[in-house]
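Data block below; observations after.
The values are calculated or read from the model by the stated rules, or taken from the named source; none is laboratory data. Being a predicted model, the structure only gives us computed values, none of them experimental. Ideal geometry is used to build each Cβ from the backbone, glycine not excepted, and the neighbour counts take in all protein chains shown. The protein model used for the area step is the full one, side chains on, heavy atoms only, and it has no ligands, DNA or RNA in it. Shrake-Rupley method; radii C 1.70, N 1.55, O 1.52, S 1.80 Å.
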Amino acid sequence: MYFLRKAEIKNGQKVLIYGASSAIGTIAVQLAKYFGAEVTGVCSSANLDMVLSLGADKVIDYTKVDFSKSGETYDVIFDTVGKSSFSGSIKSLKKNSFYLKTVHMDLSSIFRGIWTSMTSGKKVKGGVTVEKSEDLNFLREIIEAGKLKAVIDRTYTLEQIPEAHGYVEKGHKKGNVVITVDHE
Ligand SMILES: NC(=O)c1ccc[n+]([C@@H]2O[C@H](COP(=O)([O-])OP(=O)(O)OC[C@H]3O[C@@H](n4cnc5c(N)ncnc54)[C@H](OP(=O)(O)O)[C@@H]3O)[C@@H](O)[C@H]2O)c1
């Protein structure tokens, strides 16, 4: 919500979610569809069907195709995993558009982002999520209405947390990993 709000996402816009199988990506695909966007998800071969089942209109297998070489342009490119190419993404944006990045940028990327935002209509936005209670209430409502679902890959107990971290750190989880905590 935090990032899509920054992009002022609108009905009918073309949105590309890079890393559509990540925790943020699986939610971003569904939210962008909910807001009426035409959504393209970028993921690996193993996750194409899952991303389509979340509502993506198109999927691109990053192991076979570089989306930035197709000539398609987008209103929003949302990189949820920090692996898209900066120049390729900027090239694939329309005139007034947004490049969103959830992953911490190094200094040179920050300067490139500021320069790009100042000298073109293409805005580069990062930052750290700030949760607002109105957003959480909105998300609860659409989850209860069956319009947003969490993709859960694996579940671990609190005692298994080292294994859970080990799995997550491999960088290939589908959606989320859950830690269950026993309580009375
Ligand atoms: N800014 C903020 O406020 C904020 C908040 C939360 C999280 N984050 C950051 O956001 C990042 C994403 O976190 P996450 O938990 O959603 O996901 P994650 O666990 O880091 O991402 C795993 C997913 O990324 C896919 N992936 C790996 N390499 C890829 C590539 N080259 N191209 C496209 N997809 C690729 C993997 O699928 P395959 O293995 O099949 O490719 C897997 O499904 C993390 O770095 C996290 O620290 C930032």
If I filter the stretch 1-11 for residues that are open to solvent by less than 10 Å² (accessible area, probe 1.4 Å) and over 23 Å from A145 (Cβ atoms), do I get at least one hit?
yes
Could you list, in sequence order, all residues of the stretch 114-149 that are more than 29 Å from N96 (Cα to Cα) and within 16 Å of the ligand (Cβ to nearest atom)?
K149
Quick one: in the stretch 167-183, which of the residues that are modelled with pLDDT of 95 or more, under 10 Å from Y156 (Cα atoms) and aliphatic (A, V, I, L, M) is farthest from the chain's Cα centre (by Cα)?
I179
What's the total number of residues in the stretch 36-49 that are near the ligand (Cβ under 10 Å from one of its atoms) and surrounded by fewer than 20 Cβ atoms within 10 Å (Cβ to Cβ)?
4
Restrict the check to the stretch 23-35 and report whether at least one residue is more than 11 Å from the ligand (Cβ to nearest atom), crowded, with 22+ Cβ neighbours inside 10 Å, part of a helix (DSSP H, G or I) and of a type in the set (G, A, S).
yes
Can we say V76 is assigned by TED's automatic domain parsing to the domain that holds N96 and within 20 Å of G171 (Cα to Cα)?
no
